[in-house]
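Comments concern the structure below.
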Amino acid sequence: MVHFTCDLCGKDLTACGDPRYVVKIEAYPGFDPTEITEDDLDDDHMEAVSQILQRDEGGSPEDLAAPLRKGFRFDLCPACHVKFLKDPLGKESLRLFDFSKN
Ligand SMILES: [Zn+2]
C-alpha cells in the first residue's frame, strides 16, 4: 500500500482516509518561443548567456545554480488544499515570516 502524508502539515492521509489532493507546479523561463531564432540556438549565444549569468552578481549562488525548468508535486490534505487554493504562492505566510524575522 502506498503511504501518503500531507506535504504541508504532515497529516497522515493513508491512516485517516481523507481525500488526497495533488498539486503540480512547474517553473520555467517565460520567454516567447516564437522569438527564438536559429541564431539563438547556436553555441555562441549559449556562451553569451552564461557570461551574462556569471556577470550577474546580484543573485545568490543558489539562484545561479537553479535549473531552467523545475517541476514540483505535492500531496495535500483537504484543509491544506483549501489553504493552497486561497494562496497558491504562499504570499501570506511569506509576509508573516518577514514580520517574525524583523
Ligand atoms: Zn495538510
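The values are calculated or read from the model by the stated rules, or taken from the named source; none is laboratory data. The structure presented is a predicted model; accordingly, all values stated were derived computationally and were not measured. Cβ coordinates were reconstructed from backbone atoms using ideal geometry, including for glycine residues, and neighbour counts include every protein chain displayed. Heads up: the accessible areas ignore ligands, DNA and RNA and are worked out on the full protein's heavy atoms, side chains in. Shrake-Rupley method; radii C 1.70, N 1.55, O 1.52, S 1.80 Å.
I want to confirm something. Restricting to region 1-11 and keeping residues that are within 10 Å of the ligand (Cβ to nearest atom) and open to solvent by less than 60 Å² (accessible area, probe 1.4 Å), which single residue is nearest to Pro88 (Cα to Cα)? Only one residue fits best here, namely Cys6. Quick one: is Val82 assigned to a strand (DSSP E or B) and either within 16 Å of the ligand (Cβ to nearest atom) or at pLDDT 65 or above (or both)? So Val82 fails the test. Could you check region 13-26 and list, in sequence order, the residues that are open to solvent by less than 50 Å² (accessible area, probe 1.4 Å) and modelled with pLDDT of 90 or more? Matches in region 13-26: Leu13, Val23.
Taking the criterion of being within 16 Å of the chain's Cα centre (by Cα) and either aliphatic (A, V, I, L, M) or modelled with pLDDT under 65 (or both), the residues of region 39-75 that qualify are Glu62, Asp63, Leu64, Ala65, Ala66, Leu68.
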